[in-house]
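What follows is calculated from the coordinates using simple rules that are stated; it is not laboratory data. Worth saying up front: this structure is predicted, and the values here are computed from it rather than measured. Note: ideal-geometry Cβ built from the backbone for every residue, glycine included; neighbour counts use all protein chains shown.
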Amino acid sequence: MTVKSLLCVAVLAAASLAVANAKSYDIVLNNPVQAGSVQLQPGAYTVQVKGDSAVFTSVSSGKSFAAPVKLDNSGPRHGTTSVGTVTENGARVLKLIRLGGSSTTLEFNE
């Protein structure tokens with residue numbers, strides 16, 4: 001193999017590992033929740049971070065919704081994945097998701 005071929009194989013292998021290691025987290029929403037400009041209905045979702053967005057995929061319908069997110073990696077590891085909401089103007093608003101097994105917290109702002 002030439003050096004170019006080896007380099008190409010190495011880049012493809014690294015890209016495959018990055019995709020394979022993209023971790024997702026399962027959450028369940030018991031009430032409708034506003035996440036940024038997205039209204040999430042009650043149900044089970046898989047959450048995955050892609051760049052500066054959190055992508056929510058409904059387990060039942062397979063539909064995906066993206067909301068802007070800020071990552072905070074400070075603090076101790078979270079034992080479980082948990083969701084933090086507040087009530088604003090009579091509506092539930094998603095403020096954060098602590099990702100279990102990591103020190104990452106997803107912070108949502110309007």
Among the residues of the stretch 85-105, write down those that are in a strand (DSSP E or B), touching a Phe, Trp or Tyr at 6+ places or on another chain (Cβ under 9 Å) and not β-branched (Val, Ile, Thr).
94, 95, 96, 100
Give all pairs with beta carbons closer than 6 Å in which a residue from the stretch 22-42 that is more than 17 Å from residue 59 (Cβ to Cβ) meets a residue that is of a type in the set (Gly, Ala, Ser); count only pairs at least 6 apart in sequence or on separate chains.
34/91; 36/67
Would you check if there is a residue in the stretch 72-82 being part of a loop (DSSP other than H, G, I, E, B) and in contact with a His (Cβ under 9 Å, 6 or more places away or on another chain)?
no
Could you figure out which of (1) in contact with an Asp or Glu (Cβ under 6 Å, 6 or more places away or on another chain); (2) within 15 Å of residue 32 (Cα to Cα) isn't true of residue 105?
(2)
Note on the stretch 65-110: residues under 14 Å from the mean Cα position of the chain (by Cα) and among the charged types (D, E, K, R) are 70, 72, 95, 98, 107
